[in-house]
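Reviewing the structure listed below.
The values are calculated or read from the model by the stated rules, or taken from the named source; none is laboratory data. Source: prediction; values computed, not measured. In this analysis, Cβ positions are derived from the backbone assuming ideal geometry, glycine residues included, and neighbour counts consider all displayed protein chains. Accessible surface is based on the protein model in full, side chains and every heavy atom, while ligands, DNA and RNA are left aside. Shrake-Rupley method; radii C 1.70, N 1.55, O 1.52, S 1.80 Å.
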Amino acid sequence: MPRTTARRTKAVAVVAESHPPVVPKSRRALNFGGKWQYAPAPEAVVVKPDAQYELFIGGAFREPESGVYFPSINPANEKPLAKIAHAGGSDVDAAVAAARKALNGPWGKMPAAERGKYLYRIARIIQERSRELAVLETLDGGKPIKESRDFDLPQTAANFFYYAGWADKLQYAFPGRTARPVGVCGQVIPWNFPLLMAAWKIAPALACGNTVVLKPAESTSITAMHLARIFQEADLPAGVVNIISGAGDTGRALVEHPGVDKVAFTGSTEVGKLIAKAVAGTKKKLTLELGGKAAHIIFEDAAIDQAVEGVIGGIFFNQGHVCCAGSRLFVQEGIYSAVIRRLRDRIATLRVGDPLDKNTDIGAINSRAQLEKIQSLVDAGVAEGGQLLQTSCSLPAKGYWFPPSVITGVTASHRVAQEEIFGPVLSVLTFRTPEEAVERANNTPYGLSAGVWTEKGSKIFKTISKLRAGVVWANTYNKFDPASPFGGYKESGFGREGGVHGLANYVRLE
Ligand code: NAD
Ligand code: MN
């Protein structure tokens with residue numbers, strides 16, 4: 001081991017020992033978890049969701065024909081936040097008809113530059129409302145406020161700004177061709193980035209002149225309905241975007257609807273496969289963004305502290321509810337113990353708790369079902385011989401929580417190395433040679449993203465050219481920009497969202 005590494009390790013250990021995790025019992029409920037005590041820092045903006053949310057169809061809010069509503073809860077305290085309308089078959093019909101009418105009406109006839117103006121207007125209103133939207137996102141989904149505030153909302157606005165710019169420049173995206181809209185787009189999104197996924201789907205579709213019916217995930221519909229209000233406020237013509245809440249049956253009715261020309265889905269591989277089957281043999285265009293089992297590769301020559309920090313962010317960010325989460329860590333053998341020591345010390349400082357506290361690093365798991373899935377996979381990891389490193393932070397009695405967890409001694413055949421956990425759980429494996437690292441990193445049914453950590457530029461290029469992953473970050477992780485395409489290989493789906501590539505999903509070229 002190089003001497004510098006040994007010295008740094010020692011320094012970390014000393015810091016950790018001089019700050020024992022003493023948290024007075026009386027304050028644990030306010031700010032549990034983490035090695036150091038922080039005073040509570042609650043978000044100052046208080047937003048109360050409405051008691052009830054309706055469907056947004058043809059530019060207006062209306063009750064579901066069946067009169068059925070379902071609750072959305074706050075996963076941090078299990079309390080119901082609002083009643084959400086459940087769209088049934090006739091509501092889906094109405095939404096698709098409204099989208100068709102808008103396509104054949106004012107929206108389809110509008111000059112592209114005018115379409116762009118609407119997108120700019122929407123982006124600006126999102127920016128103006130971003131604090132309130134961030135609070136609602138955190139309440140309904142459980143993610144820490146510092147993430148919804150500093151990541152989700154700025155990225156949501158940035159995607160509308162970015163695609164606004166493309167609306168009247170499609171001839172430069174597809175030189176020598178004429179780009180026509182595909183038509184009515186049925187879009188189904190998951191609960192991990194509710195507003196951002198809506199932006200990824202809606203913004204490029206509108207820039208290319210399509211109309212949309214969007215179905216948010218059942219546990220996180222509130223911000224989608226606030227986005228609908230923003231569309232109203234921006235005077236977006238009626239029916240250009242319709243938002244119908246509901247569960248899997250609503251999603252299925254939408255993607256199977258004969259009036260839909262294009263289907264875009266982000267979510268589980270299981271549902272993605274069902275959708276691929278349902279769409280096969282129809283004229284519908286399809287993009288699927290499914291799961292991932294991303295690998296980080298840390299080479300011996302990497303800046304270890306920086307790498308560990310990137311790995312920590314890459315898996316514990318947003319409770320690991322990230323399809324590109326770096327859930328497998330491959331460490332070159334010579335630095336194995338140094339990396340494990342740093343991981344252990346660093347997870348002890350992560351604060352798990354109240355998502356509305358500005359100091360919280362890890363918020364609530366989105367649902368009970370997701371929590372149970374994470375727990376059962378971690379149990380399987382331990383049963384198969386992995387060693388579990390967890391922080392000893394106390395978790396509140398109410399709500400869905402999982403402490404940041406590292407499983408060492410994992411081998412390629414273990415379930416935790418193969419299956420998507422979608423939670424704050426990192427599996428650690430080792431390798432000897434760069435060839436072995438690439439081979440083992442590629443040994444998964446997924447291929448969405450990866451991270452490479454080394455000081456040698458040539459090694460970065462050599463490694464990334466062999467990794468079967470749609471996005472590879474080098475010496476950083478989870479960096480997003482609306483101009484960068486995102487998407488995967490193999491069971492991670494097909495098609496690319498973002499950037500100029502993302503436009504291709506929403507045009508027919510003549
Ligand atoms: P899911 O795939 O069931 O849900 C995603 C969306 O699809 C939701 O809006 C849901 O209502 C809808 N849906 C469900 N069944 C449908 C159907 N038959 N036809 C059309 N739409 C349908 O995902 P989930 O159950 O919420 O999560 C399960 C697992 O999926 C997670 O544990 C995680 O591994 C993975 N996941 C991946 C992503 C991602 O970004 N790739 C996001 C969320 C979940
Ligand atoms: Mn909820």
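Structure above, values below:
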| read-out | value |
| --- | --- |
| Mean Cβ neighbour count within 10 Å, used as a protection proxy, ranking 386-395, 200-209, 442-451 highest first | 200-209, 442-451, 386-395 |
| C-alpha long axis of helix 153-166 to longest principal axis of the chain, angle in ° | 50 degrees |
| From phi via Karplus (6.51, -1.76, 1.60), per-residue ³J(HN,Hα) for region 302-318 in Hz, x at Gly/Pro | 6, 6, 5, 4, 5, 5, 5, 4, x, 5, 4, x, x, 10, 8, 3, 6 |
| Difference of contour (0.36 nm per residue) and Cα-Cα distance, Arg177 to Leu388 | 70.4 nm |
| Where a label projected 7 Å from the Cα of Gln127 along Cα→Cβ would reach, residues of region 176-213 with amide N under 12 Å | none |
| Relative contact order of the chain, pairs being alpha-carbon contacts under 8 Å that are 6 or more residues apart, as % | 18 percent |
| Förster radius 30 Å - calculated FRET efficiency between Asp305 and Ala280 (Cβ-Cβ, nearest 0.05) | 0.05 |
| In nm, spacing of pseudo-spin labels at Asp50 and Arg432 (7 Å Cα→C-beta vector) | 6.4 nm |
| Derived scalar couplings ³J(HN,Hα) [region 339-349; Karplus, 6.51 cos²θ - 1.76 cosθ + 1.60; whole Hz; x for Gly, Pro] | 5, 4, 4, 5, 4, 4, 5, 6, 5, 5, 9 |
| Residues whose placed amide H lies under 5 Å from that of Lys285, excluding near-sequence neighbours | Lys262, Val263 |
| Förster radius 25 Å - calculated FRET efficiency between Glu256 and Glu65, Cβ distance, rounded to 0.05 | 0.85 |
| Reciprocal of mean inverse Cα separation for region 178-281 (Kirkwood radius, Å) | 13.9 Å |
| Helix-derived mean residue ellipticity, 222 nm - over the chain, DSSP H n ≥ 4, -39500 (n - 2.57), to 500 | -11500 deg cm²/dmol |
| The chain - charge dipole about Cα centre, Lys and Arg +1 at Cβ, Asp and Glu -1, debye rounded to 20 | 760 debye |
| Distance-filtered residues of region 77-107 - backbone nitrogen under 17 Å, label point 7 angstrom along Asp235 Cα→Cβ | 106-107 |
| Per residue value of the accessible surface for the chain (all protein chains in place, 1.4 Å probe), Å² | 39 Å² |
| Size of charge dipole - region 355-510 - debye, nearest 20, with Cβ of Lys, Arg +1 and Asp, Glu -1, no other charges | 240 debye |
| Ordering of 396-409, 106-119, 294-307 by packing [mean C-beta count within 10 Å, highest first] | 294-307, 396-409, 106-119 |
| Unsatisfied cross-links (Cα-Cα over 23 Å) in the set Lys79/Lys273; Lys201/Lys283; Lys79/Lys143; Lys146/Lys262 | Lys79/Lys273; Lys146/Lys262 |
| Only Lys, Arg (+1) and Asp, Glu (-1) charged, at Cβ; region 344-430 dipole about Cα centre in debye | 160 debye |
| Pairwise label distance in nanometres, Lys462 with Gln375, each label 7 Å out on the Cα-Cβ vector | 4.7 nm |
| Tilt relative to the chain, helix 130-141 - C-alpha long axis, 0 to 90 degrees, to 10 | 70 degrees |
| Distant-in-sequence amide H partners of Asn242 (H built 1.01 Å from N, under 5 Å) | Val212, Val213, Leu214 |
| Cα long-axis angle, helix 222-233 against the chain (0 to 90 degrees, to the nearest 10) | 40 degrees |
| Amide proton proximity set for Gly470, modelled H, under 5 Å, gap of 5+ | Leu448, Ser449, Tyr489 |
| 3J(HN,Hα) from dihedral phi, region 497-510, Karplus parametrisation 6.51/-1.76/1.60, rounded to Hz, x for glycine, proline | 9, x, x, 5, 4, x, 5, 4, 5, 10, 10, 10, 9, 10 |
